[in-house]
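What follows is a set of notes on a single structure, which appears directly below.
The values are calculated or read from the model by the stated rules, or taken from the named source; none is laboratory data. Fair warning: this is a prediction, and the values are worked out from it, not measured in the lab. Cβ coordinates were reconstructed from backbone atoms using ideal geometry, including for glycine residues, and neighbour counts include every protein chain displayed.
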Amino acid sequence: MPAPVRPPDVTVRSQSRDDVEGLGALYLVSYPQGVAAVDLEDAVEEMEGVFEGEYGTPVEAASLVVETADGALVGCVQTVTSPPWEGIPAVPFVIELFVHPDHRRRGLGSLLLLTAAQACHDQGWESIALNVQEDTAGEATHLYRGLGFAEITPVAAGEG
């Protein structure tokens, strides 16, 4: 994978529980209305669930935020191991990658994903996986393929 390129006006850091409110607000505006959360309270609960392990064990070094100089969160990647869904490869799994609409097309999604992938590699993992939802697949699929991700067909329970 290529090396991540960070625009000069942002920083990347690990997310923390102190970010839950800001992450909820970012999550809500980053998806079309009703796709990820119905309101701010729902979005914050989703982010709390990430920290509580509802979607797998968080990989702290690969669960990152991008923030502006004034501390505004404008992008996030959340990576876990052992997610609760069937058919997921036994590697770190990106459960969320979202960027504020006003900050898209600046390479922040690539920056987050490549930085998370490097963190997983540094921890001894050879692969990282993610899932693309049909309702948000357009630009996401193009991004992932451009970064070298390959499409795989999940193995159904009982197969293999």
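Of the residues Val29, Val91, Val20, Val74, only one is among the aliphatic types (A, V, I, L, M), within 16 Å of the chain's Cα centre (by Cα) and closer than 16 Å to Ile128 by Cβ; which?
Being among the aliphatic types (A, V, I, L, M), within 16 Å of the chain's Cα centre (by Cα) and closer than 16 Å to Ile128 by Cβ holds for just one of Val29, Val91, Val20, Val74, which is Val91.
Answer yes if at least one residue in region 28-47 is in a strand (DSSP E or B) and either closer than 24 Å to Pro92 by Cα or modelled with pLDDT of 95 or more (or both), and no otherwise.
no
What about Val91, is it buried (at least 21 other Cβ atoms within 10 Å of the Cβ) and not small (Gly, Ala, Ser)?
Against the criterion (buried (at least 21 other Cβ atoms within 10 Å of the Cβ) and not small (Gly, Ala, Ser)), Val91 does not qualify.
Can you tell me which residues in region 56-74 are in a loop (DSSP other than H, G, I, E, B) and crowded, with 19+ Cβ neighbours inside 10 Å? Give the derivation first.
The initial filter retains those residues of region 56-74 that are in a loop (DSSP other than H, G, I, E, B), namely 59, 63, 69-72.
Residues satisfying the conditions are Val59, Ser63.
Determine, yes or no, whether Leu130 is under 13 Å from the mean Cα position of the chain (by Cα), surrounded by fewer than 22 Cβ atoms within 10 Å (Cβ to Cβ), farther than 18 Å from Arg17 by Cβ and not basic (Lys, Arg).
When the stated conditions are applied, Leu130 passes them.
Restricting the search to region 104-113, which residues are surrounded by fewer than 21 Cβ atoms within 10 Å (Cβ to Cβ) and assigned to a helix (DSSP H, G or I)? If you could, list the steps in order and put the result at the bottom.
Residues of region 104-113 surrounded by fewer than 21 Cβ atoms within 10 Å (Cβ to Cβ): 104-107, 110.
Ser110 - this is the single residue of region 104-113 that is surrounded by fewer than 21 Cβ atoms within 10 Å (Cβ to Cβ) and assigned to a helix (DSSP H, G or I).
Could you tell me which numbered condition Asp18 fails, if it satisfies all but one of (1) in a loop (DSSP other than H, G, I, E, B); (2) closer than 29 Å to Trp125 by Cα?
Of (1) in a loop (DSSP other than H, G, I, E, B); (2) closer than 29 Å to Trp125 by Cα, only one is false for Asp18: (1).
State all residues of region 61-93 that are over 25 Å from Pro8 (Cα atoms) and free of Cβ contacts under 8 Å to residues at least 60 places away in the same chain; if no residue qualifies, say none.
Val80, Thr81, Ser82, Pro83, Pro84, Trp85, Ala90, Val91, Pro92, Phe93
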